[in-house]
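What follows is a single structure, written as structure tokens, with notes after it.
Readers should treat all values here as calculations from the given coordinates under stated rules, not as data from a laboratory. Everything quoted here is computed from the prediction, not taken from an experiment. All Cβ positions, glycine included, derive from the backbone under ideal geometry; neighbour counts span all protein chains shown.
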Amino acid sequence: MWRLGLTGSIASGKSTVGRMFEELGVPVFSADAAVHALYRGAAVAPIEAAFPGTTRKSEVDRTALSARLLAEPRRLAELEAIVHPLVRAKIADFLAAAEAGGAPLAVVDIPLLFEGGHPYGLDRVAVAVAADATIRARALARPGMSVEKLDAILARQLPQAEKKRRADYIFDTDRPLAQTRADVAALVEELRATPKTGARTTR
């Protein structure tokens with residue numbers, strides 16, 4: 001089974017590309033969705049212990065937690081040490097289940113794939129990209145987003161040029177959706193038809 005990583009900067013169109021894979025019957029794991037679920041489950045108690053007052057009614061208050069991290073950015077690594085191992089375990093379970101189910105291809109959508117430095121056992125990596133101005137406009141249109149918060153997020157992410165250099169495949173989401181959808185379909189067809197040889201882990 002091909003294990004394809006999908007990544008990209010905030011608002012680069014990564015989630016849209018992920019949905020296109022799903023529409024073609026490819027199993028897709030979203031790290032963001034996994035974190036949302038963990039913030040209502042296994043991550044609540046350890047986050048409350050580390051960051052008192054950031055949970056409400058048995059779930060993490062994302063607004064309160066974001067505000068705490070903006071005030072104390074050095075503590076981000078502490079949060080990641082709680083959440084990342086939980087997400088990695090879910091990714092491993094997802095990939096094992098997809099392979100056991102006979103899927104020829106599975107996609108793992110991880111926003112900080114390169115930045116985290118964890119290989120996840122992936123064979124290839126696709127990167128969603130868009131113009132910097134497009135990214136800023138899309139991100140700032142999101143509820144709860146501010147210039148300060150966006151700049152803090154972008155500061156943690158590799159420049160798009162570096163992501164493109166490391167990528168095996170690039171999806172430019174500034175192009176029409178129909179073109180991106182066709183590009184995704186072509187890649188799915190290619191990988192489904194190609195024996196898994198020459199695989200490599202994340203660079």
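List of remarks:
- Dipole-positive endmost among 18, 152, 7 within the chain (Cβ charges, Cα centre): 152
- Rounded FRET efficiency, nearest 0.05, which uses the C-beta distance separating residue 37 from residue 72 and R0 of 22 Å: 0.30
- Assigned charges on the beta-carbon of Lys, Arg, Asp, Glu; the chain dipole about Cα centre (debye): 180
- Radius ratio Rg over Rh of the chain, counting only Cα atoms, Kirkwood formula for Rh: 0.97
- Cα Rg over Rh - the stretch 136-192, Kirkwood: 1.08
- Per residue of the chain, the DSSP helices (runs of n ≥ 4 H) give a summed -39500 (n - 2.57) that works out to -16000 deg cm²/dmol at 222 nm.
- Environment charge of residue 187, counting only residues whose C-beta is closer than 12 Å and scoring Lys/Arg +1, Asp/Glu -1: -1
- Distance between the pseudo-spin-label points of residue 63 and residue 19 (7 Å out from Cα toward the beta carbon): 2.5 nm.
- Cut-off 15 Å between beta-carbons: net charge of the residues surrounding residue 146, Lys and Arg +1, Asp and Glu -1: +3
- Distant alpha-carbon pairs in the stretch 1-99 (separation over 24 angstrom), percent: 32
- Spin-label zone in the stretch 62-85 - amide nitrogen under 19 Å from a point set 7 Å from the Cα of residue 56 along the C-beta vector: 62-71
- Counting 0.36 nm for each residue step from residue 182 to residue 141 and taking away their Cα separation leaves a gain of 12.1 nm.
- Karplus-derived HN-Hα couplings along the stretch 130-141 (A = 6.51, B = -1.76, C = 1.60, θ = phi - 60°), whole Hz, x at Gly and Pro: 7, 4, 4, 5, 5, 4, 5, 5, 5, 5, 6, 7
- Of all DSSP beta bridges confined to the chain, the antiparallel ones make up roughly 10%.
- Low-density loop cleavage sites - trypsin sites (Lys or Arg not before Pro) in the stretch 1-78, where at most 11 other Cβ are within 10 Å (DSSP): 57
- Note, ³J(HN,Hα) from phi for the stretch 68-85, Karplus 6.51, -1.76, 1.60, rounded to Hz, x at Gly and Pro: 5, 6, 5, 6, 10, x, 5, 8, 4, 4, 5, 5, 4, 5, 7, 7, 4, x
- The distance linking the stretch 115-186 with the stretch 53-98 is 21 Å (Cα centroid to Cα centroid, whole angstrom).
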